[in-house]
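Heads up: the structure comes next, in structure tokens.
Read the figures in this text as sums done on the coordinates, not as results from a lab. Quick caveat, the model's predicted, so the values are computed rather than measured. Positions of Cβ are backbone-derived with ideal geometry, glycine not excepted, and every protein chain shown enters the neighbour counts.
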Amino acid sequence: MINKKFKKKILNYLNILFNKYKNFYIIDISNFNSNKLFILKKDCYKFNIKLLKLKNTLFKKYLIINKKKYIFNKLSSLLINNNSIMFSNNAKNIANVIKNNKKLNNNYPILKVAYIDEYDIFYYGDKYVDILCNLKSKNELINYIIFILINKIKNFIKFIIQYNKINILNINKILFNKLNIN
């Protein structure tokens, strides 16, 4: 049984994590033994991911106290059984850690939900792990669009230059022919 003082510390720590990190994933690691958990924690440490094992009731309490009703409404049905929360500012890193651990642990951990702050979107279910591994940030998408536009503009300019060269050559040819005839 957790005493009130310890619960307050956990709630404060949760508040710090939610303020510090933009993205969180809720995963099921209920079948993990200590060795598997050690490997997961080691991967999390490598990629600056915070992993927190938490009682569902305490997490629900945190969401209600901190006026995160929007998140609570989206997650309340998923907060059953044993859950862990992963926090990071890079959503792709969490997905890659989950995917790598799935290869080692017979498809565990199971992704229950992922919240990506940059797009303000929830992904529900394990089927989205591969999509989240390939997720592009807004900056990456903007850079990609700029790259495509620059290439299109370069091709257009090359075309205009080629077209003008052909026209100038034709005009020169016509003028030269007319001058030679006379």
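Summary table below
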quantity: Packing-based order for 52-61, 65-74, 81-90, 143-152, using average beta carbon neighbours within 10 Å, highest first; calculated: 81-90, 52-61, 65-74, 143-152
quantity: Inter-label distance for F6 and K138, nm, one decimal - labels placed 7 Å from Cα along Cα-to-Cβ; calculated: 4.1 nm
quantity: Within the range 4-135: Cβ-based charge dipole about Cα centre, in debye rounded to nearest 20 (Lys, Arg +1; Asp, Glu -1); calculated: 780 debye
quantity: Linear extension gain, Y119 paired with K74, 0.36 nm per residue minus alpha-carbon span; calculated: 14.6 nm
quantity: Peptides ranked, highest mean first, by Cβ atoms within 10 Å: ranges 113-125, 17-29; calculated: 17-29, 113-125
quantity: Cβ-derived FRET efficiency at R0 41 Å, N35 paired with I64, nearest 0.05; calculated: 0.70
quantity: Cα centroid separation, the range 134-149 to the range 9-88 (Å); calculated: 30 Å
quantity: At R0 = 41 Å, FRET efficiency that the Cβ-Cβ distance of N177 and N151 yields, to 0.05; calculated: 0.60
quantity: Positive dipole terminus of the range 23-128, leading residue within L75, N101, L52 (C-beta point charges); calculated: L52
quantity: Cα-based radius of gyration of the chain once divided by 2.2 N^0.38 Å, which approximates compact folds; calculated: 1.76
quantity: Two-site FRET efficiency, N100 against I160, from Cβ-Cβ distance with R₀ of 30 Å, rounded to 0.05; calculated: 0.05
